[in-house]
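Here the structure comes first, spelled out in structure tokens, and everything after it is commentary.
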Ligand SMILES: [Zn+2]
């Protein structure tokens with residue numbers, strides 16, 4: 001993704017509570033390898049149920065405030081609905097995002113399962129083992145990137161749907 005600045009990120013939240021954008025802690029942006037990110041996601045270390053993700057929707061920075069469910073998934077495996085990576089249930093969390101605009105203020109939200117650390121972009125770049133019969137690992141990763149982007153935009157679209 002194209003790099004985002006701190007002011008762009010703070011101005012990007014579509015579903016934040018009043019004052020939240022100013023208070024939101026940001027990760028160290030200088031450490032982010034933007035070229036290897038489809039979105040930037042992070043949890044709030046001071047408020048563990050809060051998380052944020054930001055991405056580009058065309059030329060618009062879109063930031064979504066997330067709230068993690070306190071209900072833990074049953075042991076077993078789970079699939080992140082953004083990167084589609086199957087993993088142990090403890091590494092996937094149910095998050096809800098208030099809808100943007102009036103719908104969100106009326107209490108409507110969108111729920112989805114996402115990697116608990118909001119680091120899908122790192123996970124999908126872990127190269128699969130390569131075998132003679134497997135496609136080239138760079139093709140595998142490119143396909144994962146395309147899938148993550150499609151599902152990310154679809155999720156963002158549901159949060160933004162009724163914004164007006
Ligand atoms: Zn994921």
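The values are calculated or read from the model by the stated rules, or taken from the named source; none is laboratory data. Being a predicted model, the structure only gives us computed values, none of them experimental. With ideal geometry, Cβ positions are generated from the backbone for all residues, glycine too; neighbour counts draw on all protein chains shown.
Annotations for the structure displayed:
- Test: residue in region 98-120 that is surrounded by fewer than 16 Cβ atoms within 10 Å (Cβ to Cβ), modelled with pLDDT of 95 or more and under 22 Å from residue 33 (Cα atoms): yes
- Filter result (in contact with a strand residue (DSSP E or B) (Cβ under 7 Å, 6 or more places away or on another chain) and in a loop (DSSP other than H, G, I, E, B)) within region 1-37: 1, 2, 4, 14, 15, 16, 24, 27, 32
- Among residues of region 70-87, those that are within 16 Å of the ligand (Cβ to nearest atom) and either in contact with a helix residue (DSSP H, G or I) (Cβ under 7 Å, 6 or more places away or on another chain) or in contact (Cβ under 8 Å) with a residue 12 or more places away in the chain (or both), counted: 11
- Against the conditions (1) under 16 Å from the mean Cα position of the chain (by Cα); (2) farther than 16 Å from residue 153 by Cβ; (3) surrounded by fewer than 18 Cβ atoms within 10 Å (Cβ to Cβ), residue 57 satisfies every one except (2).
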